[in-house]
Amino acid sequence: MQRLQAVAEQVIGNVEKVIVGKHDEVELAFIALLCQGHVLIEDVPGVGKTVLAKAFARSVGCTFRRIQFTPDLLPSDVTGVSIYNQRQQEFEYRPGPIVAQVVLADEINRATPKTQSALLECMEERQVTVDGSTYRLPEPFIVLATQNPIEYEGTFPLPEAQLDRFLLRINLGYPSKRDEIAVLTRQQVQHPIEQLQEVISARELAELQQTIRRSIYVDDLISEYIVSLVAETRAHPDIYLGASPRGSLALYRASQARAALAGRDYVLPDDVKALAVPALSHRLIVNPGARIKHTEAATIVNEIVDSVPVPGTRALHPRR
């Protein structure tokens, strides 16, 4: 665990050479990367969403592609097409920009639902199907999608099935005055991302992902606590649609990664609490009556975390 913690600190520190004053948000994005999960970055333009994706791609030695989502973007522009090769007299697959290890889906809610649906298979099964043929996506594979929560004109809200495929949702927010001055200073001559070096390779990242799944212990009481939190989202009077079992699994995996970043080989209730909002809030649909009162999903999740009893401790029998 010490090696994993040290590597994580190096990667996060490398990204923070570019993203200033957003340690918690950078850590959340790396947690998603360690869990082989996707991230929805919801914030106003100009706060570093694109740079965050590029910085992580460079830090972990992954290939990077950017897809600019627009209303005229077609599904084939994302997944690729099959073209007939006259010399070989057969169809050959021309990969689209989705065939990369780190994919930035910029302004994802500006594309039509038909184009958005092209990502469903990619994000869940990690494969694309074109003209009846299925092609595996490279490993590791992560989608970092951005959207502007303020401007709704000309946008198509993401459907619940799409939102549910994102492991975490994060908000970068505006930097503090001191951090913004630091940004100006660092970019006086050139953008610091141009000098960003690789910290670990994509192969090493894949090994870390497997290590977390195999080595981080999650007690049955913690699993029961996670399920209890998710079950409360389905029973809350202000929520029309609660979190799915995929939400439970997302909270489970993310808690494992957070424990590893803290140098522990076991998950604590505090790990679950810290990740409840970014892992669950975007999966909830708030009732119209609650929306009129300006009640947000994150507020409801925090209420649930405060109301559900934290599990106690028990003697751990030796593993067999």
Task: Lys, Arg +1 and Asp, Glu -1 on Cβ, resulting dipole of the chain about Cα centre, debye, nearest 20 - done: 560
Task: FRET E, pair Gln89, Arg65, Förster distance 25 Å, beta-carbon r, rounded to 0.05 - done: 0.25
Open item on the list: Run the paramagnetic zone check for Glu198: 7 angstrom along Cα to Cβ, then residues of the stretch 49-67 with backbone nitrogen under 17 Å.
Closed with: 54-65
TODO: Whole Å is fine, so just give me how far the alpha carbon centre of the stretch 174-236 lies from that of the stretch 251-288.
DONE: 11
TODO: In debye, nearest 20, what is the charge dipole magnitude of the stretch 149-279 about its Cα centre with +1 on Lys and Arg Cβ and -1 on Asp and Glu Cβ, if you could check?
DONE: 180
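Could you tell me which of rounded, prolate or oblate describes the stretch 173-312, using a ≥ b ≥ c as the square roots of the eigenvalues of the alpha-carbon gyration tensor, with rounded for a/c under 1.5 and, failing that, prolate when a/b is larger than b/c and oblate otherwise?
Details: a/c = 2.53, a/b = 1.30, b/c = 1.94.
Note, shape of the stretch 173-312 comes out oblate.
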Task: Percentage relative contact order, the chain, counting C-alpha pairs under 8 Å, at least six apart - done: 22
Task: Phi-based couplings in Hz for the stretch 227-242 (Karplus 6.51, -1.76, 1.60; Gly and Pro marked x) - done: 5, 5, 4, 5, 4, 5, 5, 7, 9, 5, x, 8, 10, 7, 9, x
Task: Relative packing of peptides 109-120, 211-222 - highest average C-beta neighbours within 10 Å first - done: 109-120, 211-222
Task: Dipole magnitude of the stretch 213-288, debye to nearest 20 (Cβ charges: Lys/Arg +1, Asp/Glu -1, about Cα centre) - done: 360
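Is the chain rounded, prolate or oblate when judged by the Cα gyration tensor, a ≥ b ≥ c being the square roots of its eigenvalues, rounded requiring a/c under 1.5 and prolate requiring a/b larger than b/c?
Verdict is rounded for the chain.
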Open item on the list: With 10 angstrom as the radius, rank Leu33, Leu137 by how many other C-beta atoms surround their C-beta, starting from the fewest.
Closed with: Leu137, Leu33
Task: Among Val286, Ile226, Gln256 the positive-end extreme of the charge dipole of the stretch 216-314 (Cβ point charges) - done: Val286
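Taken together, the values in this text are just the output of simple stated rules run on the coordinates, not laboratory data. Model, not experiment: these values are computed from the prediction. No Cβ is skipped: glycine too gets one built from the backbone with ideal geometry, and neighbour counts run over all protein chains shown.
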